[in-house]
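Before we start, here is the structure in question, set down as structure tokens.
The values are calculated or read from the model by the stated rules, or taken from the named source; none is laboratory data. What you are looking at is a predicted structure, and each value in this text was computed from that prediction instead of being measured. Positions of Cβ are generated from backbone atoms using ideal geometry, with glycine treated the same way; all protein chains shown enter the neighbour counts. SASA here: full protein model, heavy atoms, side chains in, ligands and nucleic acids out. Shrake-Rupley method; radii C 1.70, N 1.55, O 1.52, S 1.80 Å.
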Amino acid sequence: MSTETATQDPMSDAFVRLQERLAKHPDFEAIRTSVRRVQSLLSNDTSRTQCVANAVTEDAGLAARLLRLINAAYYKSAGGGTIVNVPRAVAVMGFNAVRNLAVSLRLLEQLPSDRRGRVLREDFLRALLAARLARELCHETRLLEEACVTALFQNLGRMLVAAHLPDEALAIRRQVGRHETPLGAKEDLAAKDRFGLGYADIGVQICKQWGWPEALRLSMMRGAWPAHPPGDANDRLRWVGWLANELADVLVYMSPAQWEDVCTDLAMSAGRATKHSAKELREALARTRMDLEDIAEALGIPLSQLEDWHEADAVDGAEGTEGALPRALPAQARSSAERPAPGQVDRAMLQEEALHLSEALLDVSAAKVVPERALSAMFMGLGARRAVLFLAARSNVPFQIVNVVGDELASVGPAWTVDPAQGRDLFSRLCARGTDTLIHDANRPEIQSHLPPGFQRVGRPNCFVVLPMTFKERAVGMIYLDRDDGETFVIDDESMKLLRTLRNQALMALRA
């Protein structure tokens, strides 16, 4: 199909007719105004929690959605049910979460509340999962944030039609079966038959009309997969984004038993442009699938609506080859049967401290103590031997140890630093990926071979937790916790969410 043809004539009759229909919706123009205000604040590193909260509060729809999310299951471990104001919601969720939700939630609010709306919410789930997958697929650390944004807004046309012309969106869904591949491209053709423009074309035109960046507009264009990797960074982002969107459809609508064949086909068609193997695609699906339940629940989508969700995980079981990063088991990756009984983490204490810190973040003078309090709370809540905070003194330099709670580190041996940009050790690579990870047995040879020389300063822990700290999709620090008593950390889903909340609060205080 030809996206270029439609974009060469921005005032084509088809677009004018569609725009007239969209403009009849009373909230259509409000989206542009409210989203641009919130995003302009969030792009400013000096914006404080209260400033962002004020901007969000001016938009009643966005404010209500944020409060619903903060009290939904995903955030209940951080005090859900008691978060009743926007400043505290922003403090708990963080700047990045608000930025990513600002556009998609504002559109989501417009969906009908009946069964049609529940079905159309899947389109928003697909977009958010695509953004998450793009982060997994992007090989260039400096472009992680742009990759997420590109993949998310490649869905702008579909989300706009779902929000403002739901009956038309449902008609297109009925026309294209959910298991057809490539689903997005076939929906694009169906939309073109109905509107005279495909979903991608609609997004491109709206993006241009709203004055969004030219690079983002160009990245939203569909086309045939290139035969070779593009030399231009924006082109690389474009194809990583479309690959992420195809994988998002696989994740939502296909059984994991089908992943191997689909990923093999995708690697053959798209892999030449993005340099991804079928194994990399399967692993990206497996890691992202860990988040599907929480995202779906926050969007109001019952998991029974996703028929293939209950299938078993299809995680590639092959061991990594020499020099490859060993596949650590994130805390939430284990099945319910494998999870130890809850109660071995002091969740009540973690939850209480998260609530106190959300309030402390609103006081600029108190924010400087938040990182140390968060680190201490994790140390006590997990019963750790040691908790360590790493930060970079300035941009593009390795992280250094700035705070230790618990057992002191030995002063002998080389310094233990973390370098997400250049380092090839386990910690550097986990930070580059932004992957929260629990290592149950740190003495396995495949783990030991990827530990940095300076790690000998911590002795011989039998297990440890790594929580990277990222700002605008760039690694800026790391929290490390370990134990050496022969027992492993027992961290269930709710406990991991609390740890992430505390980590995010420490990050917000450091960026204030």
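State all residues of region 194-217 that are of a type in the set (Asp, Glu) and open to solvent by 20 Å² or more (accessible area, probe 1.4 Å); if no residue qualifies, say none.
Initial filter on region 194-217 (of a type in the set (Asp, Glu)): 201, 214.
Within region 194-217, just Glu214 meets the criteria.
Sort through Arg511, Arg503, Arg424, Arg433 and tell me the only one that's among the charged types (D, E, K, R) and either open to solvent by less than 30 Å² (accessible area, probe 1.4 Å) or over 24 Å from the mean Cα position of the chain (by Cα) (or both).
Details: Arg511 fails: either open to solvent by less than 30 Å² (accessible area, probe 1.4 Å) or over 24 Å from the mean Cα position of the chain (by Cα) (or both); Arg424 fails: either open to solvent by less than 30 Å² (accessible area, probe 1.4 Å) or over 24 Å from the mean Cα position of the chain (by Cα) (or both); Arg433 fails: either open to solvent by less than 30 Å² (accessible area, probe 1.4 Å) or over 24 Å from the mean Cα position of the chain (by Cα) (or both).
Exactly one of Arg511, Arg503, Arg424, Arg433 is among the charged types (D, E, K, R) and either open to solvent by less than 30 Å² (accessible area, probe 1.4 Å) or over 24 Å from the mean Cα position of the chain (by Cα) (or both), namely Arg503.
Tell me yes or no: at least one residue of region 453-465 is free of Cβ contacts under 8 Å to residues at least 60 places away in the same chain, under 24 Å from the mean Cα position of the chain (by Cα) and on the phi < 0 side of the Ramachandran plot. Please lay out each step first, then the result.
So in region 453-465, the residues free of Cβ contacts under 8 Å to residues at least 60 places away in the same chain come out as 453-457, 459-460, 462-464.
Now restrict to residues that are under 24 Å from the mean Cα position of the chain (by Cα): 464.
Filter once more, so that each one left must be on the phi < 0 side of the Ramachandran plot: 464.
The answer is yes; a qualifying residue exists.
Also, quick follow-up: Just to be sure before I move on: is Ala163 open to solvent by less than 10 Å² (accessible area, probe 1.4 Å), modelled with pLDDT under 75 and either outside any loop (DSSP other than H, G, I, E, B) or in contact with a helix residue (DSSP H, G or I) (Cβ under 9 Å, 6 or more places away or on another chain) (or both) in the structure I sent?
Values: open to solvent by less than 10 Å² (accessible area, probe 1.4 Å): yes; modelled with pLDDT under 75: no; either outside any loop (DSSP other than H, G, I, E, B) or in contact with a helix residue (DSSP H, G or I) (Cβ under 9 Å, 6 or more places away or on another chain) (or both): yes.
In short, no.
In region 451-473, how many residues are modelled with pLDDT of 85 or more, within 27 Å of Arg142 (Cα to Cα) and surrounded by fewer than 21 Cβ atoms within 10 Å (Cβ to Cβ)?
Going through region 451-473 one residue at a time, the tally reaches 4.
Report every pair of residues separated by at least 6 positions or lying on different chains whose Cβ atoms are under 6 Å apart, first residue within region 180-200 and free of Cβ contacts under 8 Å to residues at least 24 places away in the same chain and assigned to a helix (DSSP H, G or I), second surrounded by fewer than 21 Cβ atoms within 10 Å (Cβ to Cβ) and among the aliphatic types (A, V, I, L, M).
Cβ pairs passing all conditions: Lys186/Val176; Ala190/Val176.
Then there's this: In the set Gly157, Gly117, which member is at pLDDT 85 or above, open to solvent by less than 10 Å² (accessible area, probe 1.4 Å) and not in a loop (DSSP other than H, G, I, E, B)?
On the way: Gly117 fails: at pLDDT 85 or above.
Within the list Gly157, Gly117, the selection yields Gly157.
Would a scan of region 243-265 turn up a residue that is hydrophobic (A, V, I, L, M, F, W, C) and assigned to a loop (DSSP other than H, G, I, E, B)? Show your work before the answer.
First, pick out the residues of region 243-265 that are hydrophobic (A, V, I, L, M, F, W, C): 243-244, 247-248, 250-252, 254, 257, 259, 262-263.
Among the residues that remain, those that are also assigned to a loop (DSSP other than H, G, I, E, B) are: 254.
For region 243-265, residues hydrophobic (A, V, I, L, M, F, W, C) and assigned to a loop (DSSP other than H, G, I, E, B): present.
Checking Cys263 against (1) touching a helix residue (DSSP H, G or I) at 6+ places or on another chain (Cβ under 7 Å); (2) free of Cβ contacts under 8 Å to residues at least 40 places away in the same chain; (3) surrounded by fewer than 23 Cβ atoms within 10 Å (Cβ to Cβ), only one condition comes out false. Which one?
(3)
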